[in-house]
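Engineer: I'd like to ask some things about the structure below.
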Amino acid sequence: MASSAAPSRTDSPVVRGVALVVALAAVMWVVEIADRVADGRLDAYGIQPREVDGLDGVVFAPFLHGGFDHLIGNTIPFLLLGFAIALGGLARVATVTVIVAVVGGLGTWLVAPANTVHIGASGIVFGYAAYLVARGVYSRSPVQIGLGVLVLAVWGTTLLRGLVPEDGISWQGHLFGAVGGVVAARVLHRRAERANAQGPSALSRV
């Protein structure tokens with residue numbers, strides 16, 4: 001019987017998930033460096049509420065920041081919370097990120113004040129945090145509940161403060177990013193329930 005090669009560590013869904021989070025953070029830094037060279041002109045590609053041309057900001061806004069202080073403030077929690085989600089694999093962290101970005105971005109586009117531009121990854125950060133908390137509620141897993149409690153203990157005050165209306169702060173992005181996190185937790189929980197109800201898949205031949 002021919003033996004197959006041992007799987008590489010890079011084939012691990014967890015490693016791939018972590019790599020995706022790191023790659024997204026790296027893109028944020030590359031874009032901010034380019035924006036500094038361009039004298040901040042890239043920031044105009046953020047979310048512009050109720051402007052058709054501003055809809056592309058749903059995709060671009062998380063990668064745009066108002067300076068390196070803003071970027072650093074988002075990078076650290078983005079990586080830490082992203083790594084926690086990536087423990088569930090590449091598909092999980094990718095799905096959560098897309099749902100949070102779409103729900104958070106569209107929500108901001110719909111309700112934020114006109115003639116404003118919204119940028120930054122903080123909506124994704126709020127979404128990640130809300131996902132980790134909501135996942136524990138839905139799953140009732142002691143480990144996941146514990147992780148959700150830890151998230152609240154470390155970032156709870158910051159999360160609540162970020163929802164308070166304040167000039168120059170996109171509380172709408174924070175709010176709808178968090179909504180996106182809850183939606184992502186619900187979607188993935190229901191998907192897991194359907195998979196469990198269907199029972200184990202057919203055995204793979206080895």
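The values are calculated or read from the model by the stated rules, or taken from the named source; none is laboratory data. Keep in mind it's a predicted model, so treat the numbers as computed, not measured. Quick reminder, even Gly has a Cβ in these numbers, built from the backbone with ideal geometry, and neighbours come from all protein chains shown.
Engineer: Determine if segment 157-174 includes at least one residue that is among the aliphatic types (A, V, I, L, M) and at pLDDT 95 or above. Walk me through how you get there before you give the answer.
Structural biologist: Our first condition is that a residue be among the aliphatic types (A, V, I, L, M); within segment 157-174, this holds for 159-160, 163-164, 169.
If we keep only those that are at pLDDT 95 or above too, we end up with none.
No - not one qualifying residue is present in segment 157-174.
Engineer: Can you pull out the residues in segment 11-49 that are exposed (fewer than 15 other Cβ atoms within 10 Å of the Cβ) and of a type in the set (S, T, N, Q)?
Structural biologist: Hit for segment 11-49 is S12, nothing else.
Engineer: Note down all Cβ pairs under 7 Å where the first residue falls in segment 152-166 and is free of Cβ contacts under 8 Å to residues at least 12 places away in the same chain, the second is part of a helix (DSSP H, G or I) and of a type in the set (A, V, I, L, M, F, W, C), and they're at least six residues apart or on different chains.
Structural biologist: Qualifying pairs under 7 Å: V164/W171; P165/W171.
Engineer: Quick test for you: out of G177, G136, pick the one residue that is touching a Leu at 6+ places or on another chain (Cβ under 7 Å) and buried (at least 18 other Cβ atoms within 10 Å of the Cβ).
Structural biologist: Values: G177 fails: touching a Leu at 6+ places or on another chain (Cβ under 7 Å).
Going through G177, G136 in turn, just one is touching a Leu at 6+ places or on another chain (Cβ under 7 Å) and buried (at least 18 other Cβ atoms within 10 Å of the Cβ): G136.
Engineer: Right, here's the next one. Given the structure, is G66 outside any loop (DSSP other than H, G, I, E, B), of a type outside the set (A, V, I, L, M) and in contact (Cβ under 8 Å) with a residue 24 or more places away in the chain? Full working, then the answer.
Structural biologist: Values: outside any loop (DSSP other than H, G, I, E, B): no; of a type outside the set (A, V, I, L, M): yes; in contact (Cβ under 8 Å) with a residue 24 or more places away in the chain: yes.
For G66, the condition - outside any loop (DSSP other than H, G, I, E, B), of a type outside the set (A, V, I, L, M) and in contact (Cβ under 8 Å) with a residue 24 or more places away in the chain - is not met.
Engineer: Determine whether segment 88-103 contains at least one residue that is free of Cβ contacts under 8 Å to residues at least 40 places away in the same chain, surrounded by fewer than 21 Cβ atoms within 10 Å (Cβ to Cβ), closer than 26 Å to G148 by Cα and not charged (D, E, K, R). Full working, then the answer.
Structural biologist: Within segment 88-103, the first condition is being free of Cβ contacts under 8 Å to residues at least 40 places away in the same chain, and the residues that meet it are 98.
Still in the list and also surrounded by fewer than 21 Cβ atoms within 10 Å (Cβ to Cβ): 98.
Now narrow it down to the ones that are closer than 26 Å to G148 by Cα: 98.
Narrowing the set further to residues that are not charged (D, E, K, R) leaves 98.
Checking segment 88-103: at least one residue is free of Cβ contacts under 8 Å to residues at least 40 places away in the same chain, surrounded by fewer than 21 Cβ atoms within 10 Å (Cβ to Cβ), closer than 26 Å to G148 by Cα and not charged (D, E, K, R).
Engineer: A follow-up question, please. Of the numbered conditions (1) at pLDDT below 90; (2) within 20 Å of Y131 (Cα to Cα); (3) among the β-branched types (V, I, T), V206 fails exactly one; give the number of that condition.
Structural biologist: Single failed check for V206: (2).
Engineer: Follow-up question, since we're still on this one. Just to be sure, is A178 more than 23 Å from V111 (Cα to Cα) and either in contact with an Asp or Glu (Cβ under 9 Å, 6 or more places away or on another chain) or of a type in the set (A, V, I, L, M, F, W, C) (or both)?
Structural biologist: no
Engineer: Within segment 76-121, can you find the residues that are touching a strand residue (DSSP E or B) at 6+ places or on another chain (Cβ under 8 Å) and assigned to a helix (DSSP H, G or I)?
Structural biologist: Kept after step one, since they are touching a strand residue (DSSP E or B) at 6+ places or on another chain (Cβ under 8 Å), are these residues of segment 76-121: 105, 108-109, 112, 117-119.
Passing the criteria: G105, T108, W109.
Engineer: Does V59 fit the bill of being surrounded by fewer than 19 Cβ atoms within 10 Å (Cβ to Cβ), closer than 23 Å to V182 by Cα and among the hydrophobic types (A, V, I, L, M, F, W, C)?
Structural biologist: Working: surrounded by fewer than 19 Cβ atoms within 10 Å (Cβ to Cβ): yes; closer than 23 Å to V182 by Cα: yes; among the hydrophobic types (A, V, I, L, M, F, W, C): yes.
When the stated conditions are applied, V59 passes them.
Engineer: On to the next question. Quick one: would you say I124 is out of contact with any Lys or Arg (no Cβ under 7 Å at 6 or more places or on another chain) and part of a helix (DSSP H, G or I)? Talk me through it step by step, then tell me what you get.
Structural biologist: Details: out of contact with any Lys or Arg (no Cβ under 7 Å at 6 or more places or on another chain): yes; part of a helix (DSSP H, G or I): yes.
So I124 passes the test.
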